[in-house]
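The values are calculated or read from the model by the stated rules, or taken from the named source; none is laboratory data. Just so we're clear, the structure is a prediction, and the values are computed from it rather than from any experiment. Note that each Cβ is placed from the backbone with ideal geometry, even for glycine, and that neighbours are counted across all protein chains shown. Only protein heavy atoms, including side chains, enter the accessible area calculation; ligands, DNA and RNA are left aside. Shrake-Rupley method; radii C 1.70, N 1.55, O 1.52, S 1.80 Å.
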There are 2 protein chains.
Amino acid sequence: MPAVDKLLLEEALQDSPQTRSLLSVFEEDAGTLTDYTNQLLQAMQRVYGAQNEMCLATQQLSKQLLAYEKQNFALGKGDEEVISTLHYFSKVVDELNVLHTELAKQLADTMVLPIIQFREKDLTEVSTLKDLFGLASNEHDLSMAKYSRLPKKKENEKVKTEVGKEVAAARRKQHLSSLQYYCALNALQYRKRMAMMEPMIGFAHGQ
Amino acid sequence: MPAVDKLLLEEALQDSPQTRSLLSVFEEDAGTLTDYTNQLLQAMQRVYGAQNEMCLATQQLSKQLLAYEKQNFALGKGDEEVISTLHYFSKVVDELNVLHTELAKQLADTMVLPIIQFREKDLTEVSTLKDLFGLASNEHDLSMAKYSRLPKKKENEKVKTEVGKEVAAARRKQHLSSLQYYCALNALQYRKRMAMMEPMIGFAHGQ
């Protein structure tokens, strides 16, 4: 476990093997976090789904209790008492349904939503910036290779200047994308802990 | 709605059109009750299913919270706090899981089971006895038809006695099965109200 806790932006331009190696540690961590977040989200959505199904189930039960009255029993003598008792139970189930509905809403807003936002915003941003950084690095490598393959004759000075400009532009692009990528990876480390705890605080409050 | 509330057993032997008509009222009532019971059972099983799914979902969530520790994050600095907080939440979820498990068990025992027993015992008994009564009535009708088709000559006395015995046996059988059927239909009227209310008393207690 490295002692550092962030990627230094001033190292981005030099892009040394040490920096690359540290980058790979941050990338591995982000990968583990993405897998874990997906599993955690799945577990949380299952709890939310069960809570939601409980809303629908209590709703159906309440309706079914009221439906006794409308059955047109051929022998309905003495049913008034059953009907009024089932009405009472239907109200009890309705009250419970209100609680379940409120709880389902809270779980959606304070537990599931934050972790979805963390995935969609923070993790997706890192993954997008990783791709962009990879593309910029490739472009830079290609222009460097092109430059090094140029014949060393004097008459090629003009072409050399052209390709040199290309290399400089590619390096600027790669530098910029690495700065953005490092920033996102650093921010992820900063967000990670809160992102794991926030939904459970919402969950505990809901209960 | 007829003023009577039970089938009189002393009417069973005579099997008059009035008794048959009253019987059909009781049968219609039992049919409506069977349909309603099946719908009520389905609604109750849905509530039980949601409660059971909530047990499994909270179990999975608790495990997933503990799993954070085992992720081997490449950058684990400062994770001790997250781990201990997630352990705490895992315990909260476990306690909730105990409640959900207890509630699911109660729903199964005091809500779903009584209505299943009512269906399997009372409603199935009525339906079986209806079939047996139908068979016995058919047999009786056939032996009566056979008797009435006998030629009225004197030399047939012996055959007539034989068939007469058959008719008497069939009538006894039909009488017996109608007594059992009437008893079950009367008992159903008696059980019906309690059977509708008992599971909801169990449900309200559970909550």
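Quick check, is A:Val98 in a helix (DSSP H, G or I), under 20 Å from B:Phe203 (Cα atoms) and at the interface with chain B (Cβ under 10 Å from one of its Cβ atoms)? Here the answer is no, as A:Val98 does not meet what is asked. From the residues in segment B:117-127 that are farther than 14 Å from B:Thr32 by Cα and open to solvent by 70 Å² or more (accessible area, probe 1.4 Å), which one is farthest from the chain's Cα centre (by Cα)? Among residues in segment B:117-127 that are farther than 14 Å from B:Thr32 by Cα and open to solvent by 70 Å² or more (accessible area, probe 1.4 Å), the one farthest from the chain's Cα centre (by Cα) is B:Glu125. Restricting segment B:1-29 to residues that are part of a helix (DSSP H, G or I) and open to solvent by less than 10 Å² (accessible area, probe 1.4 Å), which is farthest from B:Leu129 (Cα to Cα)? It comes out as B:Asp29.
Among the conditions (1) within 11 Å of chain B (Cβ to nearest Cβ); (2) at pLDDT below 95, A:Lys91 misses just one, which is (2).
Each residue in segment B:88-105 was checked for being open to solvent by less than 60 Å² (accessible area, probe 1.4 Å) and over 18 Å from A:Arg46 (Cα atoms), and 1 of them qualify.
So how many residues does segment A:176-195 have that are of a type in the set (S, T, N, Q) and either without any contact (Cβ under 8 Å) to a residue 60 or more places away in the chain or open to solvent by 50 Å² or more (accessible area, probe 1.4 Å) (or both)? Working first, answer last.
In the first step, residues of segment A:176-195 are kept if they are of a type in the set (S, T, N, Q); the result is A:177-178, A:180, A:186, A:189.
Add one more test, that the residue is either without any contact (Cβ under 8 Å) to a residue 60 or more places away in the chain or open to solvent by 50 Å² or more (accessible area, probe 1.4 Å) (or both), and what stays is A:177, A:180.
Matching residues across segment A:176-195 total 2.
Residues in segment B:43-72 that are more than 30 Å from A:Leu33 (Cβ to Cβ) and within 8 Å of chain A (Cβ to nearest Cβ): B:Ala43, B:Met44, B:Arg46, B:Val47, B:Gly49, B:Ala50, B:Gln51. Counting the residues of segment B:30-41 that are open to solvent by 70 Å² or more (accessible area, probe 1.4 Å) and either more than 8 Å from every other protein chain (Cβ to nearest Cβ) or acidic (Asp, Glu) (or both) gives 1. Quick check on my filter: what residues within segment A:53-95 are of a type in the set (A, V, I, L, M) and part of a loop (DSSP other than H, G, I, E, B)? A:Ala74, A:Leu75, listed by residue number.
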